[in-house]
Amino acid sequence: MYPHKSPSPSAPPPGYAQPSRPPPNATDVSASPLFSQTSWSTGLCDCCIDIPNCCLTFWCPCIIFGQIAEIVDKGRTSCGVHGVRYALINVLTCCGCLYSCTYRTKMRRQQGLPEAPTNDCCVHFCCGPCALCQEYRELQHRGFDMSIGWQESMDRSMPNGIQIPPVTHGGMNR
């Protein structure tokens, strides 16, 4: 009887592209990382912002990757170890992108970043130097001094280099 009015083509249907929330009474379910994501500080192809870093990444990506991996691993393994591993994998198999994409995933999860513009392996396979440059710029933007590594960055962020343990309150008393 009445003509059916279709929604405008530019408006997405309700609930479209919205992440589903876990059930309210679910146990041992962590929230999806989509809820706490921030965006990347620079784009994947913004290499012109940092020409020296871009050139170093193009000519010797093992150095940049080593610095990124040391920060992401929180200093458990040195920059040199990661750089040598990356170089050996790249020389022997030409698949250094498989090693570096795992660190992009770790970094994204630590920093709450979206998997954009596509999944991490595709980004490193198709545009490895650009991905490394973006990760390097992101860590710099978040306050890490990439040239001095994890330990020195942490020492600079602590006042007087002294780390104070958290205060715990006593239990219940009768």
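Throughout, read-outs are computed from the coordinates displayed, never taken from laboratory work. It should be emphasised that the depicted structure is a prediction, and the values quoted were computed from it without experimental measurement. A quick note on method: Cβ atoms are made from the backbone with ideal geometry, for glycine too, and the neighbour counts reach across all protein chains shown.
A few comments on the model shown:
- Prolate/oblate/rounded label for segment 87-157 (Cα gyration tensor, a/c 1.5): oblate
- Virtual spin-label span in nm between Cys94 and Val81, 7 Å along Cα→Cβ: 3.0
- Cα gyration tensor shape of segment 45-101, rounded if a/c is under 1.5, else prolate or oblate by comparing a/b with b/c: oblate
- Close amide-amide hydrogen proximity is noted between Phe144 and no other residue 5 or more places distant or on a separate chain, at a cut-off under 5 Å (H modeled in the peptide plane; Pro and chain starts excluded).
- Net charge dipole size for segment 70-136 [Lys, Arg +1 and Asp, Glu -1 on Cβ; Debye, nearest 20]: 180
- Prolate/oblate/rounded label for segment 36-149 (Cα gyration tensor, a/c 1.5): rounded
- Options Cys54, Leu113, Gly128, ranked by Cα towards positive dipole end of segment 40-142, top entry (Cβ charges): Leu113
- Calculated from backbone phi, Karplus (6.51, -1.76, 1.60) coupling profile of segment 84-97 in Hz, x at Gly/Pro: 5, 4, 4, 5, 5, 4, 5, 5, 7, 10, 6, 10, x, 4
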